[in-house]
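> I'd like to ask some things about the structure below.
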């Protein structure tokens, strides 16, 4: 019965271990009690669903919206986000500015009370340092191209220009910053709202590895120095990021929020449950099948805003039969975009009748595309495939996601039924999908594009010949000319004229199938105030507050 | 065959006295006949067999009889609850759920069958051999299993899927190739304990080849545990397929599988429960049947398990 | 026994080395790289980025450097985040360990008794009912059970938080989700194993001798009956700890499951290797433990190894 003794020993030991663990747990597990939604309203703490864990908080290394939402509360650029209209500028670090006659030289005057969170004043030299860092060939700034609008910036980055003082940015004095641009750029102000133009605090960077250090040590809460309305207080990876009202921010007296928690929740249903159980004020998304019932039963909670982006399919024009413009037109006119938006995506998106989304002041979006099955069939017949006969089976490529899958299944079925062809679906995981798209190893590929700043050119320049984001194999010399001319236009009117003509070419040749223009759908606690629909979804958090 | 338990089947009792014909005494036929006989008496197991047969018919023949195609969307009729036109309702693209559940069953049953068979085959032979042979060979074989176990499954699947493009059969094989590892370990454990039993020593002293001992003596005695574990592998395999679809590595849309249908249902529990309840019901029914069948098989195949 | 353990540890090191090497080269063959993104960056920036992390060196050189760093305990930087792999794993592993521990406790606490009772009262209601309920755990995968539990106990009843890993009670729902699924499996295997032993002759002998039934169960049957469970637990343990991707996603838990899967999808080579190494070490240790326990439970086995 040694066995019995052994078992007893084991059980006793197991029990002891279990008890110890349980005790340890109860004692240690007392994590910070996070405020729930009600407590948040009382304490002025906003609970925000941010969709994913940010990869970095360094504005010169960031590339995504997730990162931007947090970076833009920690750091402020020359121009800040306007409260209600993304077309309009709002003074940020710069309190006023002027430009020369053809908008190729801009001068910004920085406000005197702009400070970094350690008390240092924000100076023009800080901006120059930041741009040099971004453009330095030894620094892999993934969004450096945004800065190419400055004279010699591109040259500096690819090594042709060795001396940074030749690049078109200059600290005239502590509070005056001057830009020399490659050409007239009337919309330069809008570009400056992008985080790639944000400054960083030079002493902090230098103290934590130097300009080219990739470890991101300076972005840790204990080191981070920013000049924005909030400071970085706590960063618990995959759990939350907490920011606190900055005591040094120049506009702090108008702020009424004390803290913001950013929760990196990837699963839409988890977010929904958190919101329903009172743990969030604002969600990042809403599961699409929930939207109709929410709009019907709880319209005060659901918030749908237009978002500056286009959901579209790329067509690989190097592969027959997609090299035939008639085929591409057939594909475009055979889709009932209204049905997709009303039945599949359910988020009040706008069926696209062009490529560039609506929402720009004064840009006359053309109306070209629509649903016309008869016309579509006629195009297909003209292309040599009457009734779909002889049309090869093509694949629609998309990356893994419930949303993309739903849309792809619906669209493929529409094409098949309307045109009598037999398209199929191909679902690939993210990196494989990207790889296939970059190497033109696809027939039709699902894509999306969000505007970087408020100008249509951010949507149109990618289709120039050889552009890294073209990925369709399409090339049109006249289009290239027009885009180049748009970059050199002296007036907004001339600028838009060129862009419109270019877009019309794009919509005639159709190397793409635009589907709809995005909306952002969120669940929002009605006690959140100061929250206005913004096309670029850039919210000046300093104006947001909570009230009963 | 248990020499100590002389319950031979009636037919064997009537055989003429053998001139030491080992094959006749030990022929698998009487073991299997015996097992089948016992199985037939187990009502639960027989019932399960019928259910599974119905399920197979339902999934493989059913879609041919349905007026709807599993991929035919109808955007005017999305998310309908069960009605006369759509006995199981429609999904979020207006497709008929009945047809999709039937078609999904093809994938799930297929995966269940093929992947489990693959894993069974490889796992049982590998594990039994390793345990029986013992020594250094056993150590090496089990270390190989350890290595394979620790390799990141996700990467492995990504690689295979990219190399071999869009193939359903490959998917089944990949899943089977992952599951055999656990089977091998379990079988090895069982065999190690059987190895020490007297009838095996008897066989060895009678001079039988290793191969014969493994195939005729060891494996039949392991079948009980294997049967049970096989009935656990099937649901694991079906769910693994759905997990792969969840990650974008499974069956290509619009082809459904019970796993992907259940996943869709789980996302919409609150508002459209019919999307979950119906595929989950079929899935569970199949698993319950496999479970009882597995138990029945184990009882039938175990020469010592009697109900007296 | 100690010679056995020593031998196995030596073997484990070799196994680990093979795993690291195979994984290292395997991940490089998957299409894509850590830095490919929807918005393309200029080629020279991409080159600069790759050079920064040493990814432009020949593969064998990278392999050598990786091994060198590994021996110093440095698992390298993560290509898709700010922390180093060491920091990521140091944060995620304890979380997964805890989650797995609770889940295992629940699984064993429910599964073992159910399996034993079902085997003892075989083919009666006391067998069918618990086993059917246990089946539910197998039929409802974690991605169904999790949301249901979160909905019922989190949203409707409000007894627990629907997600997060902050308060002690946050452990309950995710651990239960995983635990219930494994409880079902353990119940089935236990029942099977117990039945195997119960049908053997020495049990009949003991019954004939007049040994009281409970004593038969505990003293004679348990250790043999638990054998298959133990065999199963080895890999299951490691699996529970690192394979809880779905539960971690549903309940927003900063554990290793998500790192494991996401690193593969992001082609974050160093993180993939880091998680694999940890996972492999776990499995090897678990397997070793299981083998030892197997012998303890079944003296006939002795330490069967070269």
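The values are calculated or read from the model by the stated rules, or taken from the named source; none is laboratory data. All values reported here derive from a predicted model rather than from experimental measurement. A quick note on method: Cβ atoms are made from the backbone with ideal geometry, for glycine too, and the neighbour counts reach across all protein chains shown.
> Can you tell me which of A:487, A:459 is crowded, with 21+ Cβ neighbours inside 10 Å and under 30 Å from residue A:101 (Cα atoms)?
Values: A:487 fails: crowded, with 21+ Cβ neighbours inside 10 Å.
When all the criteria are applied, what remains is A:459.
> Taking the condition of being assigned to a loop (DSSP other than H, G, I, E, B) and either surrounded by 24 or more Cβ atoms within 10 Å (Cβ to Cβ) or in contact with a helix residue (DSSP H, G or I) (Cβ under 9 Å, 6 or more places away or on another chain) (or both), how many residues in region A:40-62 meet it?
Taking region A:40-62 and keeping what is assigned to a loop (DSSP other than H, G, I, E, B), we get A:44, A:50-62.
Still in the running and either surrounded by 24 or more Cβ atoms within 10 Å (Cβ to Cβ) or in contact with a helix residue (DSSP H, G or I) (Cβ under 9 Å, 6 or more places away or on another chain) (or both): A:50-62.
Residues meeting the conditions: 13.
> Hey, among the residues in region A:182-198 that are within 19 Å of residue A:498 (Cα to Cα) and part of a loop (DSSP other than H, G, I, E, B), which one's nearest to the chain's Cα centre (by Cα)?
For region A:182-198, the residue satisfying everything is A:187.
> Restricting attention to region A:371-404, which residues are under 20 Å from residue A:421 (Cβ atoms) and in contact with a strand residue (DSSP E or B) (Cβ under 9 Å, 6 or more places away or on another chain)? Can you show your working first?
Filtering region A:371-404 down to residues under 20 Å from residue A:421 (Cβ atoms) leaves A:371-398.
Hits for region A:371-404 are A:371, A:393, A:394, A:395, A:396, A:397, A:398.
> Can you find a residue that is surrounded by 20 or more Cβ atoms within 10 Å (Cβ to Cβ) and assigned to a loop (DSSP other than H, G, I, E, B) anywhere in region C:98-114?
No, there is no match, as no residue in region C:98-114 is surrounded by 20 or more Cβ atoms within 10 Å (Cβ to Cβ) and assigned to a loop (DSSP other than H, G, I, E, B).
> If you check residue A:466 against the conditions, is it surrounded by fewer than 15 Cβ atoms within 10 Å (Cβ to Cβ) and either at pLDDT below 95 or in a loop (DSSP other than H, G, I, E, B) (or both)? Lay out the reasoning, then the answer.
Values: surrounded by fewer than 15 Cβ atoms within 10 Å (Cβ to Cβ): yes; either at pLDDT below 95 or in a loop (DSSP other than H, G, I, E, B) (or both): yes.
Here the answer is yes, as residue A:466 does meet what is asked.
> Please pick out the residue among C:284, C:249 that is within 17 Å of the chain's Cα centre (by Cα) and modelled with pLDDT under 85.
Numbers: C:249 fails: modelled with pLDDT under 85.
Only one candidate qualifies: C:284.
> Sticking with this one: Only residues that are more than 10 Å from chain B (Cβ to nearest Cβ) and under 13 Å from residue A:406 (Cα atoms): list them for region A:325-349, please.
A:341, A:345, listed by residue number.
Yes/no matrix, rows are residues, columns are (1) within 11 Å of chain A (Cβ to nearest Cβ); (2) modelled with pLDDT of 95 or more; (3) surrounded by 17 or more Cβ atoms within 10 Å (Cβ to Cβ); (4) over 18 Å from residue C:98 (Cβ atoms):
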residue	(1), (2), (3), (4)
C:147	yes, no, yes, yes
C:154	yes, no, yes, yes
C:164	yes, no, yes, no
C:176	no, no, yes, no
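> Under the condition of being touching a helix residue (DSSP H, G or I) at 6+ places or on another chain (Cβ under 8 Å) and in a strand (DSSP E or B), which residue from region A:445-463 is farthest from residue A:323 (Cα to Cα)?
Just the residues of region A:445-463 that are touching a helix residue (DSSP H, G or I) at 6+ places or on another chain (Cβ under 8 Å), to begin with: A:445-447, A:449-457, A:460-461, A:463.
Next, only the ones that are in a strand (DSSP E or B) stay: A:445-447, A:449-450.
Working: A:445: 15, A:446: 18, A:447: 19, A:449: 23, A:450: 27 Å.
Ranking the qualifying residues of region A:445-463, first place goes to A:450.
> While we're looking at this one, here's another question. Does residue B:54 fit the bill of being more than 10 Å from every other protein chain (Cβ to nearest Cβ) and either within 30 Å of the chain's Cα centre (by Cα) or at pLDDT 90 or above (or both)?
Considered against the rule, which asks whether it is more than 10 Å from every other protein chain (Cβ to nearest Cβ) and either within 30 Å of the chain's Cα centre (by Cα) or at pLDDT 90 or above (or both), residue B:54 comes out as yes.
> Can you tell me which residue among A:142, A:160 is within 14 Å of chain C (Cβ to nearest Cβ), more than 20 Å from residue C:39 (Cβ to Cβ) and in a loop (DSSP other than H, G, I, E, B)? Steps first, please.
Numbers: A:142 fails: more than 20 Å from residue C:39 (Cβ to Cβ).
From the options A:142, A:160, the qualifying one is A:160.
> Among (1) within 21 Å of the chain's Cα centre (by Cα); (2) assigned to a strand (DSSP E or B); (3) crowded, with 22+ Cβ neighbours inside 10 Å, there is one condition residue A:397 misses while meeting the rest; what is its number?
(1)
> While we're on this one: Taking residue A:210 as meeting all but one of (1) more than 11 Å from chain C (Cβ to nearest Cβ); (2) out of contact with any helix residue (DSSP H, G or I) (no Cβ under 6 Å at 6 or more places or on another chain); (3) modelled with pLDDT of 90 or more, write down the number of the exception.
Among (1) more than 11 Å from chain C (Cβ to nearest Cβ); (2) out of contact with any helix residue (DSSP H, G or I) (no Cβ under 6 Å at 6 or more places or on another chain); (3) modelled with pLDDT of 90 or more, the lone unmet condition for residue A:210 is (3).
> Are any residues in region A:223-244 within 13 Å of another protein chain (Cβ to nearest Cβ) and in a loop (DSSP other than H, G, I, E, B), and if so, which ones?
Of the residues in region A:223-244, the ones within 13 Å of another protein chain (Cβ to nearest Cβ) are A:223-224, A:232, A:234-242.
Of everything in region A:223-244, those that are within 13 Å of another protein chain (Cβ to nearest Cβ) and in a loop (DSSP other than H, G, I, E, B) turn out to be A:223, A:224, A:237, A:238, A:239.
> So if I check each of A:331, A:315, A:280, A:308, which one is out of contact with any helix residue (DSSP H, G or I) (no Cβ under 7 Å at 6 or more places or on another chain) and surrounded by 23 or more Cβ atoms within 10 Å (Cβ to Cβ)? Steps first, answer last, please.
Numbers: A:331 fails: out of contact with any helix residue (DSSP H, G or I) (no Cβ under 7 Å at 6 or more places or on another chain); A:315 fails: out of contact with any helix residue (DSSP H, G or I) (no Cβ under 7 Å at 6 or more places or on another chain); A:280 fails: out of contact with any helix residue (DSSP H, G or I) (no Cβ under 7 Å at 6 or more places or on another chain).
Every option except A:308 fails the conditions.
> For region A:303-322, indicate whether the set of residues that are modelled with pLDDT under 95 and part of a helix (DSSP H, G or I) is non-empty.
No, there is no match, as no residue in region A:303-322 is modelled with pLDDT under 95 and part of a helix (DSSP H, G or I).
This table checks each residue for (1) buried (at least 22 other Cβ atoms within 10 Å of the Cβ); (2) touching a residue at least 40 places away in the same chain (Cβ under 8 Å); (3) within 36 Å of the chain's Cα centre (by Cα); (4) not in a helix (DSSP H, G or I).
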site	(1), (2), (3), (4)
A:377	no, yes, no, no
A:380	yes, yes, no, no
A:393	no, no, yes, yes
A:403	no, yes, yes, no
A:412	yes, no, yes, no
A:415	yes, yes, yes, no
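> Here is a further query. With C:37, C:90 as the choices, which residue is under 21 Å from the mean Cα position of the chain (by Cα), without any contact (Cβ under 8 Å) to a residue 40 or more places away in the chain and surrounded by fewer than 19 Cβ atoms within 10 Å (Cβ to Cβ)? Full working, then the answer.
Values: C:37 fails: under 21 Å from the mean Cα position of the chain (by Cα).
Only one candidate passes the filter, namely C:90.
> Count, please, the residues in region A:420-433 that happen to be crowded, with 21+ Cβ neighbours inside 10 Å, in contact (Cβ under 8 Å) with a residue 12 or more places away in the chain and either farther than 27 Å from residue A:347 by Cβ or within 13 Å of chain C (Cβ to nearest Cβ) (or both).
Number satisfying all stated conditions: 4.
> Got at least one residue in region A:118-135 being assigned to a loop (DSSP other than H, G, I, E, B) and touching a strand residue (DSSP E or B) at 6+ places or on another chain (Cβ under 9 Å)? First the steps, then the outcome.
Taking region A:118-135 and keeping what is assigned to a loop (DSSP other than H, G, I, E, B), we get A:118-120, A:122-123.
Adding the requirement that they be touching a strand residue (DSSP E or B) at 6+ places or on another chain (Cβ under 9 Å) leaves A:122-123.
Yes - at least one qualifying residue is present in region A:118-135.
> I'm checking my understanding of the structure. Among residues of region C:223-238 that are closer than 14 Å to residue C:282 by Cβ and more than 9 Å from every other protein chain (Cβ to nearest Cβ), which one is modelled with the lowest pLDDT? Before the answer, list the steps.
From region C:223-238, those closer than 14 Å to residue C:282 by Cβ are C:233-238; that's our starting set.
Next, from what is left, pick out any that are more than 9 Å from every other protein chain (Cβ to nearest Cβ): C:233, C:237.
Details: C:233: 77, C:237: 74.
If we take residues in region C:223-238 being closer than 14 Å to residue C:282 by Cβ and more than 9 Å from every other protein chain (Cβ to nearest Cβ), then C:237 is modelled with the lowest pLDDT.
> So is residue C:62 at pLDDT 90 or above, surrounded by fewer than 20 Cβ atoms within 10 Å (Cβ to Cβ) and in contact with a helix residue (DSSP H, G or I) (Cβ under 9 Å, 6 or more places away or on another chain) or not? Break it down into steps so the answer makes sense when it comes.
Working: at pLDDT 90 or above: yes; surrounded by fewer than 20 Cβ atoms within 10 Å (Cβ to Cβ): yes; in contact with a helix residue (DSSP H, G or I) (Cβ under 9 Å, 6 or more places away or on another chain): yes.
Yes, satisfied.
Per-residue answers, yes or no, for (1) crowded, with 19+ Cβ neighbours inside 10 Å; (2) under 29 Å from the mean Cα position of the chain (by Cα):
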site: B:35; (1), (2): yes, yes
site: B:43; (1), (2): no, yes
site: B:48; (1), (2): yes, yes
site: B:62; (1), (2): no, yes
site: B:70; (1), (2): yes, yes
site: B:94; (1), (2): yes, no
